[in-house]
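Engineer: So that we are looking at the same thing, I have put the structure below in structure tokens.
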Amino acid sequence: MYAPSGHASHLEDLLDDRKLASVMCDGSPTNNCVERAGGKRGGCNAHGRGGLVAALRGGDIRAARGIELYARLFEVEADAKEANDSLEARFTRRQEKSAPIVEELRVWIEESRAEVEPKSVLGKALGYMTRQWSRLTAFLRDPKMELTNNEVERDLRRWVLDRKSWYFVGHDESARRAADALTLLTTCRKMGIDPRRYLREALAKNPCRRTRPDRAPP
């Protein structure tokens, strides 16, 4: 999607009269309208774990238990990936193995908040996890949700690193066409489709494509 700025109003206009289902997106305030449009928004447990890691690196060993629980959660996801689980099989695995770990994590967070200084690194991490709990546990309620937002973050990093290229699109219409093309290419990559092959076949079937008289299709 192309937008002349990063304001949420452009995304809200796109979502007007549309109903969303499961959404994995970054935590920018720009994306808060996703939930207002009815979308179920997944949280990022990599961010949740990251706050605990920062606390432990700062010398707060009280964060170790939470990191241990997260290690077990990530191991379940790794096992599902290694087994090439379908969405249904992965969801069943989560209910059987991840759900009990999440409950242990919830209890640990509640008990820890009672004794951890709220403004400490660990206290802020626990506060974040508490506020985001519904989103962080969405993967247990929706089989399409991921445990982390890492894939989306990697995609965003690509566009940020390439942003100097967008300076030279010329005008808004060119930017819109570039965004449309990038959307097609990214969708192909997500679905495991060769982008070059897709574009060749799609353009060949386009009845509006221009052809030279001496190169008319047979």
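Engineer: Just list whichever of Lys40/Lys144; Lys124/Lys144; Lys81/Lys190 have alpha carbons separated by over 20 Å in the model shown.
Structural biologist: The answer is Lys124/Lys144.
Engineer: Order the peptides 102-114, 40-52 from the highest to the lowest mean number of other Cβ atoms within 10 Å of their residues.
Structural biologist: Put in order of decreasing packing, that is 40-52, 102-114.
Engineer: Run the quick spin-label model on Leu87 and Glu75: label points 7 Å from Cα toward the beta carbon, then report their separation in nm to one decimal.
Structural biologist: Placing both labels 7 Å along Cα→Cβ, they lie 2.9 nm apart.
Engineer: Between Ala54 and Ala202, what FRET efficiency follows from the Cβ-Cβ distance if R0 is 41 Å, with the result rounded to 0.05?
Structural biologist: 0.35
Engineer: If you don't mind, there's one more thing I want to ask. With the crude spin-label approximation of a point 7 Å out along Cα→Cβ, what separation in nm comes out for Trp108 versus Arg141?
Structural biologist: Each label point lies 7 Å from its Cα, and together they span 2.3 nm.
Engineer: Taking amide H atoms as placed 1.01 Å from N in the peptide plane, list the residues 5 or more away in sequence, or in a different chain, whose amide H sits under 5 Å from that of Lys40.
Structural biologist: Amide H neighbours of Lys40: Ala21, Ser22, Val23.
Read-outs: derived from the displayed coordinates by stated rules, not from any lab. No experiment lies behind these values; they were computed from the predicted model shown. Note that each Cβ is placed from the backbone with ideal geometry, even for glycine, and that neighbours are counted across all protein chains shown.
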